[in-house]
Amino acid sequence: MTVDVARQRALLTWYVANQRQLPWRHAPGGPHPDPYAVLVSELMLQQTRVDSVLQPFARWMARFPDFSSLAAAPVDDAVAAWAGLGYYRRARALHAAACAVVERHGGALPEDAAALAALPGVGAYTVGALRSIAFARPAALVDGNVARVLARWHAARGDESTLRKAAWAAAEAELAPEDAPARSDPSRWSQALMELGALVCRPGQPDCATCPVRAGCRAADAGVAAEIPPARKRAAPRDVHAVAVLLRRGFGASRTVWLRQQPSDARWAGLWQPPMFESEHVGHAQQQARRWCDAHGLVAEPVAEVEHVLTHRRYRVEVWQCDTFGDEPSFDAQPTRWTPVTEVRGRGDGVSRLGVRVVHAAREPARASRATSSGKSS
């Protein structure tokens, strides 16, 4: 595979002048990024847009500035700090990786590819990103942006698996010549490829007119850049019906809501939200919720509906609400707590995004629906 050295120079020149100033990157002319910051950003950016990561990244780095501080924290703290980014298994993987780095490598991320690949949550792409961006090693990486750029340069065709293999081969070929600019500056090269895909060589809407490396792009020459790679067909999200029971205590600024921590093997693992009963059939979800309410002497009334869409599921949630002054109910062996409404609405302390939306759906006034210890209803 022939490597276009002039194209590499042009792309690197463009990147230095046009790169976004992202917090996990070094300033132009500065030192290479902190390996820990690179790992955090890469896991956060998986299946998440850059603009959605900026604030969570800043909060995370303020709370867990290095591997040692993250490894020393309970994993539930890491999951709570991840709130809003979704795919919470990434937070658990990052925490496990930090523990491994502290235990096996003295708190410093290793540069060796095999040692990196042995860390939880670190795959082939992340190994390439860490070695090239953080350690300036000539290591190939392929994410969605890079795969799209390379496919268009070579007008590659085929199914997703074929294109992915071709992209890895092309990425490695770019680093092969000893005199290649990509090889002498692999940190900027990797970031330049990704930046080109994010800003110019976009999916479905490539801006070929302003592309700094338009010359020699086979897909652009053939007028088929928008067709490469073919759009991925996504299945429609599956409907899931649920009933969330919103129990409240107190009034005004002192009002609290009862939350349950999700089990480690459940969706939103480790996060907090009102007790929820879900099923593919709305009637079944309602029956489960009604049986639980009846068992605890709760009279909850429907007050709202919330639709919450994930990648593969669309949650249609009925919100049942009641104010209670009785004993705390029970819900399996998971931890529960009363949390101030103001804290929940501020997205504090590990409450799931769906949990926040359920609390926001509350109405005034609500019916006090459980007997007090004196036997009087409140």
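The values are calculated or read from the model by the stated rules, or taken from the named source; none is laboratory data. Predicted model, so just to flag it, every value in this text is computed and none were measured. Don't worry about glycine lacking a Cβ; one is built from the backbone with ideal geometry, like all the others, and counts go over all protein chains shown. Ligands, DNA and RNA are excluded from the accessible area calculation, which covers all protein heavy atoms including side chains. Shrake-Rupley method; radii C 1.70, N 1.55, O 1.52, S 1.80 Å.
Quick check on my filter: what residues within segment 1-60 are charged (D, E, K, R), under 27 Å from the mean Cα position of the chain (by Cα) and surrounded by 13 or more Cβ atoms within 10 Å (Cβ to Cβ)?
Of all residues in segment 1-60, those charged (D, E, K, R) come to 4, 7, 9, 20, 25, 34, 42, 49, 51, 59.
Applying the additional criterion that residues be under 27 Å from the mean Cα position of the chain (by Cα) yields 20, 25, 34, 42, 49, 51, 59.
Correct list: ARG25, ASP34, GLU42, ARG59.
Based on what the data block shows, is ALA93 open to solvent by 40 Å² or more (accessible area, probe 1.4 Å) and either outside any loop (DSSP other than H, G, I, E, B) or among the aliphatic types (A, V, I, L, M) (or both)?
Details: open to solvent by 40 Å² or more (accessible area, probe 1.4 Å): no; either outside any loop (DSSP other than H, G, I, E, B) or among the aliphatic types (A, V, I, L, M) (or both): yes.
In short, no.
Scanning for something of a type outside the set (Ser, Thr, Tyr), within 26 Å of LEU130 (Cβ to Cβ) and open to solvent by less than 40 Å² (accessible area, probe 1.4 Å), does segment 204-227 turn up at least one residue? Full working, then the answer.
Just the residues of segment 204-227 that are of a type outside the set (Ser, Thr, Tyr), to begin with: 204-209, 211-227.
Filter once more, so that each one left must be within 26 Å of LEU130 (Cβ to Cβ): 213.
Next, from what is left, pick out any that are open to solvent by less than 40 Å² (accessible area, probe 1.4 Å): 213.
Yes, segment 204-227 contains a residue that is of a type outside the set (Ser, Thr, Tyr), within 26 Å of LEU130 (Cβ to Cβ) and open to solvent by less than 40 Å² (accessible area, probe 1.4 Å).
If you check VAL75 against the conditions, is it in contact with a Phe, Trp or Tyr (Cβ under 7 Å, 6 or more places away or on another chain), buried (at least 16 other Cβ atoms within 10 Å of the Cβ), touching a residue at least 24 places away in the same chain (Cβ under 8 Å) and at negative phi? Even if it seems obvious, please write down each step before you answer.
On the way: in contact with a Phe, Trp or Tyr (Cβ under 7 Å, 6 or more places away or on another chain): no; buried (at least 16 other Cβ atoms within 10 Å of the Cβ): yes; touching a residue at least 24 places away in the same chain (Cβ under 8 Å): yes; at negative phi: yes.
Judged against the criteria, VAL75 is not a match.
State the number of residues belonging to segment 344-362 that are modelled with pLDDT under 85, of a type outside the set (Gly, Ala, Ser) and within 16 Å of GLY250 (Cβ to Cβ). Even if it seems obvious, please write down each step before you answer.
Of segment 344-362, the ones modelled with pLDDT under 85 are 345-350, 362.
Now narrow it down to the ones that are of a type outside the set (Gly, Ala, Ser): 345, 347, 349.
This time we only want the ones that are within 16 Å of GLY250 (Cβ to Cβ), so: 345.
Residues in segment 344-362 being modelled with pLDDT under 85, of a type outside the set (Gly, Ala, Ser) and within 16 Å of GLY250 (Cβ to Cβ): 1 in total.
Taking the criterion of being open to solvent by 30 Å² or more (accessible area, probe 1.4 Å) and more than 23 Å from ARG345 (Cβ to Cβ), would at least one residue in segment 241-248 satisfy it? Reasoning before the result, please.
The first filter runs over segment 241-248 and keeps only residues open to solvent by 30 Å² or more (accessible area, probe 1.4 Å), leaving 241.
Now narrow it down to the ones that are more than 23 Å from ARG345 (Cβ to Cβ): 241.
Yes, the conditions are met somewhere in segment 241-248.
Among the listed residues SER330, SER254, identify the single one that is open to solvent by 60 Å² or more (accessible area, probe 1.4 Å), small (Gly, Ala, Ser), in contact (Cβ under 8 Å) with a residue 24 or more places away in the chain and within 29 Å of ARG59 (Cα to Cα). Explain how you work it out, then say what you get.
Working: SER330 fails: within 29 Å of ARG59 (Cα to Cα).
Criteria check complete, one pass: SER254.
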